[in-house]
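The values are calculated or read from the model by the stated rules, or taken from the named source; none is laboratory data. Note that the coordinates shown come from a computational prediction; the quantities given were computed from them, not determined experimentally. Virtual Cβ from ideal backbone geometry, glycine too; neighbours counted across all protein chains shown.
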Amino acid sequence: MSKKEYIYAVARIKSKENKLLDSATVEQMIQAPSKDSVLKILKDKGWGENLDDENEILSSETDKIWELIDEIIMDKSELYALKVERDFHNIKVELKADFAKKSPKDAYLKYGTVPIKDIQDMVLNRDLNFIPEYMQKYAYKAYKYMVKTGDSQLCDIILDKAALEVMNELAEKSENHLLQEYAYIRSATSNIKIAIRGAKTRKNKMFFDLALVECKNLDKEQLAVAASQGLEAVYSYIETTVFNEVLDLIKEDFTAFEVWADNQIIKMIKKEKYTTTTITPIVAYILARENEIKVARILLVAKQNNLPVEEIKKRMRDMYV
């Protein structure tokens, strides 16, 4: 994109920022007496016009993000790092549906980089050429494991890792620092989650070798060895890394660690509010919108389950505005 195109696109994004949910609105929803009250607040903010189903409302807000991007960005390849997880999700869906001989129905995610029809054709025809070359080895590996083991969890593990590896590759290729930091935070958080949960369920090192992604500040081999030895070994390893500062969160309340990780992304994108001549503020806006949709979903589920206000607050993420 040219400098002029960036300036126009960023101007369009900035005109939308005043419609983002702010902390006061989130607090209002936290204090709301019911799920219906939360939905009313969202509707008053322009969410889900003419819709009543909560999932449809949240889905429509995702639609708005990418419809806007389609309007203002001609070459979306710079944003592929934010979209590629959807592709790997869809590959998972199609592979598992094929092996189970069942229709995946509404399990696909829109707005990936590869048309869903191409992924369907890849699996139907057993022809990797329907998807980009940089995805092919991962799809083939997942397929081979499914044929060999019939274990859909292994398919998930392989393709979840693939999504992060490709996200990192695309972020590096973009030379955009915000995309690179986003990919790093996502990878580090994923590795810590896998190590903790795998250690708790006594997974072996082969599992961790298969599941963990290369990531700065977390040595994959050391983390895999530690996780295969048990939870205390994982904690001891994390203590030697930059994540030592949040070790207490990881030990005491893993949800709090997930909130912390999401807040690192928000803290990062807030620094980009006044950039106008790169893709960065557009990336920031997409991440801000995805964050508020996540917050809305958490609130709706919490109200549905009658969680106390203090419990809901523990799950809340920081807002961009």
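List of remarks:
- Counted as qualifying within the range 75-167 are the helices (runs of 4 or more DSSP H) with 2 or more residues that are within 26 Å of F207 (Cβ to Cβ), namely 80-100, 133-149.
- Scan of the range 1-24 for residues that are under 24 Å from D318 (Cβ atoms) and part of a loop (DSSP other than H, G, I, E, B), ordered by number: N18, K19, L20, L21, D22
- Cβ-Cβ contacts under 8 Å between residues 6 or more apart (or on different chains), taken from a first residue in the range 71-97 that is under 17 Å from Y6 (Cβ atoms) to a second residue that is of a type in the set (G, A, S), are listed as I72/A9; I73/A9; E78/S174.
- Residues that are farther than 18 Å from A81 by Cβ and either assigned to a helix (DSSP H, G or I) or in contact (Cβ under 8 Å) with a residue 24 or more places away in the chain (or both) occur at least once in the range 277-287.
- Here E27 meets each of (1) part of a helix (DSSP H, G or I); (2) in contact (Cβ under 8 Å) with a residue 60 or more places away in the chain with one exception, condition (2).
- Output for the range 198-220, where each listed residue is among the charged types (D, E, K, R) and at pLDDT 95 or above: K200, R202, K203, K205, D209, E214, D219, K220
- Only residues that are of a type outside the set (V, I, T) and touching a Phe, Trp or Tyr at 6+ places or on another chain (Cβ under 9 Å) were counted in the range 211-232, giving 12.
- For first residues located in the range 226-253 and on the phi > 0 side of the Ramachandran plot and without any contact (Cβ under 8 Å) to a residue 40 or more places away in the chain, partners that are charged (D, E, K, R) and not in a helix (DSSP H, G or I) and lie 6+ apart or on another chain with Cβ distances below 9 Å form the pairs G230/R202.
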